[in-house]
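Below is one structure, written out as structure tokens; the observations come after it.
Here, each number is a calculation from the coordinates, and none is a lab measurement. A quick note: this is a predicted structure, and the numbers were derived from the prediction, not measured. Virtual Cβ from ideal backbone geometry, glycine too; neighbours counted across all protein chains shown.
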Amino acid sequence: MTADDPAMPNDPALAHDATVAVNGVSVWFGPKVALSELTCSFGPGVSGLLGPNGAGKTTLMRAITGLVGVNEGTVTVTGRNPRRDRSVHASMALVPEDEAVPAGLTARQFVHYVADLHRITDREAPEHALHAVDLLDVADRRVDNFSKGMRQRAKIAAALVKDPDVLVLDEPLNGADPVQRAQLIALFKRLGANGRTVIVSSHVLNEVERLAERVIVLVHGRLAAAGGHRAIRDAMDDTPRHVLVRCDDSRRLAAGLVGLDSVTGVTFDAKRDELIVSTLQARDLAVALPRLARSAAVRLLEVRALDDSLESLFRELVR
């Protein structure tokens with residue numbers, strides 16, 4: 001699926017009132033093409049940015065924040081060019097994947113340092129930022145002695161000290177333990193719910209599934225898909241979906257399923273007494289299945305999509 005597909009214009013990630021608009025952008029470094037004719041946008045809320053290594057995620061984030069220029073196309077943030085209009089940076093912050101903390105500073109010194117760089121006059125802002133990422137109890141420890149997950153949180157605190165309207169985070173969950181990840185996901189979702197535009201890249205797809213309202217998928221520097229992961233999956237109607245069905249009479253239900261136009265195949269697992277149903281028309285199957293079960297006097301116990309996840313979508317897009 002590409003930006004020209006009919007499913008794309010209705011995608012909320014491409015709204016006309018988006019905070020961040022990327023239009024026909026190409027970026028290359030010598031012979032290497034990092035982004036190719038990319039069009040997408042991001043609005044208030046949390047958006048996930050997915051793609052394999054080398055897909056162009058980091059280049060896109062750097063273009064959005066003005067750190068790299070584009071060779072073709074345009075990038076605007078709140079209607080302004082982040083590469084040329086320095087005023088836009090007052091309301092935008094980037095958390096890079098690379099280590100970006102000067103050696104020897106404590107977490108408190110680091111966040112105060114960033115606040116001073118941006119001329120933040122609210123002297124409580126650094127404390128609020130440290131509290132938001134749960135670092136107050138270790139704020140006077142040197143950041144270079146932190147674990148990777150704690151250093152990530154320190155970088156996020158430094159970004160939050162600006163109280164940005166647009167927050168761009170490149171792999172912010174790397175190195176965080178499960179508790180820290182859950183806390184950061186909750187923080188990002190709160191920021192998005194408060195009207196901030198939060199863009200998060202991650203290779204941990206089930207985490208993006210938990211935190212992102214919208215998903216942008218890049219493959220080889222091009223837009224592969226955009227929207228909610230289920231909507232994207234439904235739009236890929238040339239790829240079979242697999243649905244697990246458990247009921248109190250699998251053989252009888254299987255006999256009825258093979259006659260449905262929406263079903264392309266049925267596999268019966270006698271040992272587990274369950275069915276795996278393949279379909280190209282998931283919505284039609286969802287309507288037909290309960291009707292069929294009722295007419296056959298079969299009680300459905302479980303109906304579950306086996307491939308309804310960002311991970312399966314991502315594998316298909318890459319393939």
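Per-structure values
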{"quantity": "Overall Cα dimensions of the stretch 236-318, principal axis frame, Å, largest first", "calculated": "41, 26, 17"}
{"quantity": "For the stretch 12-230, average projected area of the Cα convex hull in nm²", "calculated": "11.7"}
{"quantity": "Separation of the residue 124 and residue 23 label points, Cα + 7 Å toward Cβ, nm", "calculated": "4.2"}
{"quantity": "Residue 280/residue 53 FRET efficiency (R0 35 Å; Cβ-Cβ; nearest 0.05)", "calculated": "0.65"}
{"quantity": "Protection-proxy order for peptides 250-257, 221-228, each taking the mean of Cβ atoms within 10 Å per residue, highest first", "calculated": "221-228, 250-257"}
{"quantity": "Net lengthening on full extension, residue 244/residue 37 (0.36 nm per residue, minus Cα-Cα)", "calculated": "70.6 nm"}
{"quantity": "Size of the stretch 188-300 as Cα extents on the principal axes (Å, biggest first)", "calculated": "51, 31, 26"}
{"quantity": "Lysine pair number, Cα distance threshold 29 Å (strictly under), the chain, separation 8 or more or different chains", "calculated": "9"}
{"quantity": "Calculated log₁₀ intensity ratio I(q)/I(0) where the Debye formula runs over C-alpha points of the stretch 165-216, q = 0.19, 0.25, 0.32 Å⁻¹", "calculated": "-0.58, -1.02, -1.56"}
{"quantity": "Full-extension gain in nm, residue 105 to residue 87, via 0.36 nm per residue minus C-alpha separation", "calculated": "3.7 nm"}
{"quantity": "Within the chain, helix-based [θ] at 222 nm, where runs of 4 or more DSSP H residues each add -39,500 (n - 2.57), nearest 500", "calculated": "-9500 deg cm²/dmol"}
{"quantity": "Gain in span if fully extended, residue 97 to residue 71, counting 0.36 nm per residue against the direct Cα distance", "calculated": "7.0 nm"}
{"quantity": "10 Å Cβ shell holding at most 13 others, DSSP loop, GluC sites (Glu not before Pro): longest site-free stretch of the chain", "calculated": "125-319"}
{"quantity": "Centre separation in Å (Cα based) which lies between the stretch 175-214 and the stretch 17-66", "calculated": "19"}
{"quantity": "Listed residues 69, 112, 303: farthest to the positive end of the dipole of the chain (Cβ charges)", "calculated": "112"}
{"quantity": "Mean projection area, nm², convex hull over Cα of the stretch 87-188", "calculated": "5.9"}
{"quantity": "Net charge of Cβ neighbours under 11 Å - reference residue 185; Lys, Arg +1; Asp, Glu -1", "calculated": "+2"}
{"quantity": "Listed peptides 156-162, 86-92 by packing density, highest first (mean Cβ within 10 Å)", "calculated": "156-162, 86-92"}
